[in-house]
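Have a look at the structure below, then the notes.
The values are calculated or read from the model by the stated rules, or taken from the named source; none is laboratory data. From a predicted model like this one, the values you see are computed outputs, not experimental measurements. Cβ placement follows ideal geometry from the backbone for every residue including glycine, while neighbour counts extend to all protein chains displayed.
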Amino acid sequence: MDIANKHVLITGAAKRLGRAMAERLLREGARLSAHYHTAKEEAQELEQKATQNGQAVHCIKGDLRDPSTAKDVIDKAVATLGPVDILINSASLFYPTPGDSATASEWETLLSCNLTSLFFLCQHTHRTQPRGGTIVNLADVYAERALAGYAAYSATKAGVRSLTRVLAKEWAPRWRVNAISPGPILFPPHYTEEQKARSIDRTLLRRKGEPSDIAAAAKFLIENDYLTGVDLNVDGGRHLSLF
C-alpha cells in the first residue's frame, strides 16, 4: 500500500515509538489522526509542527483503559479525515504485575488498554473502511517468552500476537494485519541501569535499537502488500537468545 495521502491512525502517537512512527509516516505523505491520553503538550507540539510543514494532523484524546473509547476514537478520526486506511496500535501500558501479587485492578487495566481496546479499534476500523486497508499492532518479544514479574503484561502481548493472526485470517484479502515485536529500544522509566544492561546483553547485536528502527519496520509492513499475519521481531536478535 502506498502511504502518500492515506489516512493513518496511530494510538499513543504523541510520545515514544508512536511518535517516531507518526513523524516517519507524515514524511511519507500520510494524513494522520494522532491519538493520545495524557500527553496533551506533546500531541499539540506534533500537530503544530506538522501544520507548519503543510501536513494534515488531527489529535484525538482518549483513555483506552475504557474499551468503549475505541469506537469514539475511530468515529472522531473518520469524521475529520475520512475512513482509516492504516491503523497502528502503539499505545500500551507496562509495569510489574507478579503472578503472586498482581491485583484484579492491575489485571483489568492492562487487559483493557493493551488488548481489549486494541481489538475494538481494529473492529471499528474494519467496519468503517469498505475498501480494506492494513493494521500494524505492537506486540513484544515477551509474547513469545513471558517476562517473570510481568504476568499480566506478558499475557496481554501474547494476546496481541494471537489476535493479529486471527484477524489476518478472518479479514483477508481486503485487510492485511501484522505485528511488530520490539526489543530493547526505549526503556520504561522504572528500569534500573542493571535492568537496561541485562536487556541489551541478551540481544545478539549487543546494543539497543532506536525508535527509527520501529518506524522503518512499520513502513515496510504497510508498503509490502504480500505480508499478512506476520510478527516482525525488531529486537537485535533477542528472540533467539531467549531459547
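So here's what we get for this one:
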quantity: Within region 15-31, tally of residues that are farther than 15 Å from Ser212 by Cα and in contact with a helix residue (DSSP H, G or I) (Cβ under 6 Å, 6 or more places away or on another chain); calculated: 1
quantity: Number of positions in region 53-104 that are free of Cβ contacts under 8 Å to residues at least 40 places away in the same chain and either in contact with a Pro (Cβ under 8 Å, 6 or more places away or on another chain) or closer than 21 Å to Ala143 by Cβ (or both); calculated: 0
quantity: Helices (runs of 4 or more DSSP H) wholly inside region 132-243 containing at least 3 residues that are among the small types (Gly, Ala, Ser), buried (at least 16 other Cβ atoms within 10 Å of the Cβ) and in contact (Cβ under 8 Å) with a residue 24 or more places away in the chain; calculated: 151-171, 211-223
quantity: Selection count, region 121-131, where residues are buried (at least 18 other Cβ atoms within 10 Å of the Cβ) and assigned to a helix (DSSP H, G or I); calculated: 5
quantity: Filtered residue count, region 157-176, keeping only those that are farther than 19 Å from Val84 by Cα, of a type outside the set (Lys, Arg) and within 13 Å of the chain's Cα centre (by Cα); calculated: 1
quantity: Yes/no for Thr80 being more than 14 Å from Val8 (Cα to Cα) and in contact with a strand residue (DSSP E or B) (Cβ under 9 Å, 6 or more places away or on another chain); calculated: no
quantity: Residues of region 1-12 satisfying the condition of being part of a loop (DSSP other than H, G, I, E, B) and aliphatic (A, V, I, L, M); calculated: Met1, Ile3, Ala4
quantity: Residues within region 113-151 that are modelled with pLDDT of 95 or more and more than 15 Å from the chain's Cα centre (by Cα), tallied; calculated: 9
